[in-house]
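One structure is given below, encoded as structure tokens.
The values are calculated or read from the model by the stated rules, or taken from the named source; none is laboratory data. It should be emphasised that the depicted structure is a prediction, and the values quoted were computed from it without experimental measurement. Quick reminder, even Gly has a Cβ in these numbers, built from the backbone with ideal geometry, and neighbours come from all protein chains shown.
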């Protein structure tokens, strides 16, 4: 599904909240596109708009639907937003839109946690570094794996299973009082 297409989201995803309300929502979609400060303003803003729409706006709207459906149903729910280490350490200037979108996602998660945890809906942020996914594979092709693990405590890119294991643990509901927290899983490329 194209998460930039709000009408398609409303047609396909919103009914799930009414028909088969999930206990857990994991917002994992994201795009990564360069917008160098040297390009013309129209191109630069088009990239920013596309990234913010997919990475932040769509996940926020899905979260809104999820929260409201749980409030109406009187049930508990868990939201796990997959942000990025870029939300906390920044990125290079050409990927500033990506970092900003993921930083916004982390702030949005904390805002939800502040208001809805006491009503049974908790929210967490995961902030991965490079994970061996299609997005990282493109960067490996351009820069090489050594460049992506430079400054890391490991010489290999983090595997998706590690992020999945952490998400599954949080989805289990065993640490609700950590609502609003960010879990950093970045190969030790920065430590909080």
inquiry  = Looking at the structure I just gave you, is residue 26 surrounded by 13 or more Cβ atoms within 10 Å (Cβ to Cβ) and closer than 18 Å to residue 133 by Cα?
reply    = yes
ask   = Given (1) surrounded by 17 or more Cβ atoms within 10 Å (Cβ to Cβ); (2) farther than 21 Å from residue 150 by Cα; (3) more than 10 Å from the chain's Cα centre (by Cα), where does residue 95 come up short, assuming only one miss?
value = (2)
ask   = With respect to residue 16, is the statement that it is touching a helix residue (DSSP H, G or I) at 6+ places or on another chain (Cβ under 9 Å), touching a residue at least 12 places away in the same chain (Cβ under 8 Å) and either exposed (fewer than 14 other Cβ atoms within 10 Å of the Cβ) or at negative phi (or both) true?
value = no
ask   = Is it the case that region 32-46 has a residue that's within 18 Å of residue 104 (Cβ to Cβ), under 13 Å from the mean Cα position of the chain (by Cα) and at pLDDT below 95?
value = yes
query = Between residues in region 140-156 that are at negative phi and at pLDDT 75 or above and residues that are in a helix (DSSP H, G or I) and surrounded by 11 or more Cβ atoms within 10 Å (Cβ to Cβ), which pairs lie under 9 Å by C-beta distance while being six or more apart or on different chains?
reply = 155/145; 155/149; 156/145; 156/149
query = Within region 99-192, which helices (runs of 4 or more DSSP H) (wholly inside it) include 1 or more residues that are closer than 19 Å to residue 77 by Cα?
reply = 160-171
